[in-house]
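Working notes, beginning with the structure itself.
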Amino acid sequence: MLFGRAKRNAVKIADKGAVEWKYATCGYCSTGCSLEIGLNADGKPVSTRGMAGADVNQGKACIKGIYEHELFESKGRGTHPLMRSSIHDDYQKVSWDKALGDMAGKIKAIQNKYGRDSFAIVSTGQLLTEEFYTLGKLTRGVIGTNNYDGNTTLCMASAVSGYKRSFGSDGPPGTYEDFDHTECLMAVGSNLPEQHPIIYWRLKEALEKRKFPVIVVDPRVTMFAQMADIHLAITPGTDLVLFNAMAHVILKEGLQDQDYIDKNTEMANDFHHILEDYDPESAAKICGIDADTIRNVARIYGKANSAMSIWTMGINQSTHGSDGVAAINNLNLLTGNIGKEGGSSLSITGQCNAMGTREWSSCSGLPGYRTLENPKHRKEIADFWGMDEAFFPQTRGLTETDIFPAIEGGQIKGLWLVATNPMTSMANTARIRKTFEQLEFLVVQDCYRDVETTQYAHMYLPAGMWAEKDGCFTNTERRVNYTQKITNPPGEAKPDGDIFRELAQYFENGKKLHFPETSAEVFEEMKQLSKGQLCDISGMDYEKIMAAKGLQWPMPEGKEEGSPRLYEEDASFQHEGGKAKILALPYNENNERPTNKFPFWLNTGRVVEHFHSRTKTGKIGNQNKFSPTPYMEINPDAARDEGVEHGSYVRLVSKRGDTVVMVQLTDRVPYDMVFIPFHFHDCVNRLTLGLLDPHSRQPAFKQSAVRIEAVDQKEAAELNADRREF
Ligand SMILES: Nc1nc2c(c(=O)[nH]1)N[C@H]1C(S)=C(S)[C@@H](COP(=O)(O)OP(=O)(O)OC[C@H]3O[C@@H](n4cnc5c(=O)[nH]c(N)nc54)[C@H](O)[C@@H]3O)O[C@H]1N2
Ligand SMILES: Nc1nc2c(c(=O)[nH]1)N[C@H]1C(S)=C(S)[C@@H](COP(=O)(O)OP(=O)(O)OC[C@H]3O[C@@H](n4cnc5c(=O)[nH]c(N)nc54)[C@H](O)[C@@H]3O)O[C@H]1N2
Ligand code: SF4
Ligand SMILES: [Mo]
């Protein structure tokens, strides 16, 4: 008898008939995989594969990447600009001239009547960097509103803010290759195997060659937690307490790198004083990790020759997100683990180009990590663009999370949403819906016509997506990578960059400022402006990027290779004087917590097969079929006590609203927590509170309180059948 392998049929990969392969960078997550898109003899995209020899992914791709070519022909794409005078009317197809002319007219009218900042723009982390730069030029140099931000405030704002406070600038200092050198990895609030599967594969590869301890901090027993050597199931929202306690132990036991501290850091006067309160016993009572375990992890981290931390939304999306990031940086500064092989504070970013928007969109300032507050920066950009610097505001305007309340308050009357879907992704969506209804003018620019926000818009602009245009994305490790244009946008849809350039022509300033026609020309402008900045890309061009399959900034002119790490030299931080700051970070308890009336923590996040509001993955059969129904994870003991069964439907209620989900029993969550992925419309964000971090203005999507109620099963099944299909 034959057993095992000998009996198995060889795996056959269907021949899709690809005869030509074109280079692209994945348009989903920030891992930044290099891909190749296969075209058949008719030039139709029929296949996607990981690019062999690419540093990031070495030929691999995850479930989202391998079906990415199917997006080009997915349902619901927008093919024509649409307009209507009121949100109660039907949309009419219009020409681009009519749409952009009317849009410019409306913007001017609103600005004339209510002031320049009364028209707001909210963008994304999913455009090409060249498009971000162009939108920034349009917003800062032509339209001139200061209320301009991106969905990165829901995502990376706390990491940016923490980096700026600790190091003097944004910019993740590490690289994936650090896994190959580190002696200890701490991963906080990151579900890497599902959300960044190829970074996770890089970590597993490193671990196969050389064992080192992995510590995962997450209230859920994720797949990552299951593979970890130590899993710290932290009380939600209390990570800062754990980090302070680790710093307490490191200093008390003399495990710090004093030489590094003396040369490279400035320590807050009250740092030691504040840490006194965070002895492991006191900390344990707040963060739920016992004192001995805190001591143990602090010792492992402190004694390792090199140690690194990675984190994602479990930290950023919290009321102490910025402080949490600064506290991780504190640990790495205390132990001399910045800018060194295997020693880093590496924020794992989210969207494919969350970094590109930070570097070049001018959302929080001016291009190339310049700020509005700095007169030299304002002058440099005004001179380069050929305009009066007095046109620029002198401080940053509102963030996305403050723009919506400003609409409620009547301060903002018009809004342009570019590649973001706040009806699903913002906290407390019932409130967002009412907010939209107050707008005099809402424009939605999206590659899908069926995105929910179009129900509240006056104008819809159809955009090209991903490889329907060419340009760059920057990944988590500052690697700039290129996507070729593979196919045209459907119908009359246009690349976002073209829409920005054409809209500029309807404004007076837009005729004066130069808006180049090709991505390559825009990239040249960015190169010029990057010279001497931290994010220097002046040594790159598209050919070099493609040949290297991605290059990491800084890469100044004359250099043939990128730089894997930042801050490798002593005193090379971006604060004045070159030193990093070790900050005193007291913890302040302010989350909504479970009560008798709302006894469960509501934790939210993602699953591997879906991306965000599912405008893309909800339409790809091989992804949607794995997770077609909104559901919640609940502990079997809690389910028994609540009298709910696996596979049944329940209603969840918070102080904001309610939603219906299917029950999935799992020990992944503790007794007092439910977890719901946020991919479904009218679902978990009807419940969330989204308290804001005071520094970054990022919402705490991971901490709210809910209760469970019974629901009519037939009605619930019908409702969810509707929600299953996009
Ligand atoms: N498949 C897929 N991949 C994606 C995305 C996607 O939508 N789908 N989105 C991309 C984007 S934009 C982003 S930002 C990233 C997000 O990537 P991740 O942050 O890894 O994903 P999340 O599921 O949002 O949250 C991660 C973990 O935080 C934990 N957590 C909750 N509360 C706390 C807490 O108080 N402390 C700690 N330590 N942990 C906590 C949750 O239990 C969860 O397991 O993923 C990117 N990759
Ligand atoms: N409860 C809860 N809520 C969350 C989170 C959470 O963990 N829990 N995570 C938050 C995070 S980290 C993020 S990043 C946000 C994401 O929130 P969103 O930005 O609202 O999510 P997406 O669904 O990615 O929306 C992007 C939109 O852009 C469109 N699009 C894609 N490519 C292009 C393009 O090239 N051009 C144009 N014009 N349109 C394009 C897509 O069709 C889609 O409608 O959600 C946040 N909300
Ligand atoms: S890991 Fe991220 S970048 Fe790589 S293929 Fe998957 S979704 Fe794309
Ligand atoms: Mo994100």
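A compact table of results
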read-out: Entries in LYS60/LYS559; LYS527/LYS581; LYS93/LYS494; LYS60/LYS204 that, when Cα-Cα distance is taken, lie over 19 Å; value: LYS60/LYS559; LYS527/LYS581
read-out: Computed FRET value (nearest 0.05) for TYR114 with LYS16, which takes r as the C-beta separation and R₀ as 41 Å; value: 0.15
read-out: Added length on full extension, which subtracts the Cα-Cα distance from 0.36 nm per residue, HIS88 to LYS597; value: 179.4 nm
read-out: Label-reachable residues, segment 622-659, where backbone N falls under 13 Å from a point 7 Å from GLN713's Cα toward its Cβ; value: 644-650
read-out: From phi via Karplus (6.51, -1.76, 1.60), per-residue ³J(HN,Hα) for segment 62-74 in Hz, x at Gly/Pro; value: 8, 4, 6, x, 6, 10, 5, 5, 5, 5, 4, 10, 6
read-out: Principal axis dimensions, segment 299-358 - Cα atoms, whole angstrom, descending; value: 35, 25, 15
read-out: For segment 245-289, the Rg and Dmax computed from alpha carbons only, in angstrom; value: 11.9, 35
read-out: Over 21 Å (Cα to Cα) - which of LYS137/LYS379; LYS12/LYS485; LYS211/LYS285 fall in this group; value: LYS12/LYS485; LYS211/LYS285
read-out: Positive minus negative residues near LEU687 (Lys, Arg vs Asp, Glu; Cβ under 10 Å); value: +2
read-out: Scattering curve values for segment 396-478, log₁₀ I(q)/I(0), Debye with Cα scatterers, q = 0.10, 0.15, 0.22 Å⁻¹; value: -0.29, -0.62, -1.06
read-out: Spherically averaged projected area in nm², based on the convex hull that wraps the Cα atoms of segment 1-127; value: 14.6 nm²
read-out: Extent along principal axes [Cα atoms of segment 451-548; Å; largest to smallest]; value: 43, 32, 22
read-out: Those trypsin sites (Lys or Arg not before Pro) in segment 391-440 that DSSP places in a loop and that have at most 16 other beta carbons within 10 Å; value: ARG396
read-out: Linear extension gain, LYS303 paired with GLN505, 0.36 nm per residue minus alpha-carbon span; value: 66.7 nm
read-out: Within straight-line cross-link reach of LYS655, aspartates and glutamates at Cα separation under 14 Å, skipping those fewer than 8 residues along the same chain; value: GLU592, GLU709
read-out: Local electrostatic count, ASP570, Cβ distance below 11 Å [Lys/Arg +1, Asp/Glu -1]; value: -2
read-out: Stretchable slack from THR518 to LYS211, in nm (0.36 nm times residue separation minus alpha-carbon distance); value: 105.8 nm
read-out: Rounded D (µm²/s) - segment 587-636, Kirkwood Rh over Cα pairs, Stokes-Einstein at 37 °C, 0.692 mPa s; value: 240 µm²/s
read-out: Cross-link reach list, aspartates and glutamates versus LYS44, counting only Cα pairs under 14 Å and skipping chain neighbours closer than eight places; value: GLU20, GLU36, GLU68, GLU70, GLU73, GLU468
read-out: nm² value of the averaged projected area, convex hull over the Cα atoms of segment 173-348; value: 9.0 nm²
read-out: Cβ-derived FRET efficiency at R0 30 Å, LYS544 paired with ASN374, nearest 0.05; value: 0.45
read-out: DSSP bridge pairs, segment 572-702: antiparallel proportion in percent, nearest 5; value: 45 percent
read-out: Partner aspartates and glutamates for LYS714 [C-alpha distance under 16 Å; skip if fewer than 8 residues away on the same chain]; value: GLU645, ASP722
read-out: Tensor-based shape of segment 40-187 (alpha-carbon gyration tensor, a/c under 1.5 rounded, otherwise prolate or oblate); value: oblate
read-out: Segment 617-635-segment 349-397 distance, computed between alpha-carbon centres (Å); value: 39 Å
read-out: Rough spin-label spacing in nm, given labels placed 7 Å along Cα→Cβ, for GLN484 and ASP722; value: 4.5 nm
read-out: Cα gyration tensor shape for segment 347-489, rounded if a/c is under 1.5, else prolate or oblate; value: oblate
read-out: Global geometry of segment 627-710, whether rounded, prolate or oblate, following the gyration tensor of its Cα atoms and the 1.5 cut on a/c; value: prolate
read-out: Equivalent ellipsoid, the chain (semi-axes from 5 times Cα gyration tensor eigenvalues, Å); value: 36, 32, 28
read-out: 4 °C / 1.567 mPa s Stokes-Einstein diffusion coefficient of segment 14-73, Kirkwood radius on C-alpha pairs, µm²/s; value: 113 µm²/s
read-out: Label point 7 Å beyond Cα of MET662 along Cβ direction - residues of segment 704-724 with amide nitrogen under 18 Å; value: 711-724
read-out: Against the rule of thumb 2.2 N^0.38 Å, how large the Cα Rg of segment 461-617 comes out; value: 1.46
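All of the numbers you see were taken from the coordinates with simple rules; none came from a lab. All of these numbers come straight from a predicted model, not from anything done at the bench. Positions of Cβ are backbone-derived with ideal geometry, glycine not excepted, and every protein chain shown enters the neighbour counts.
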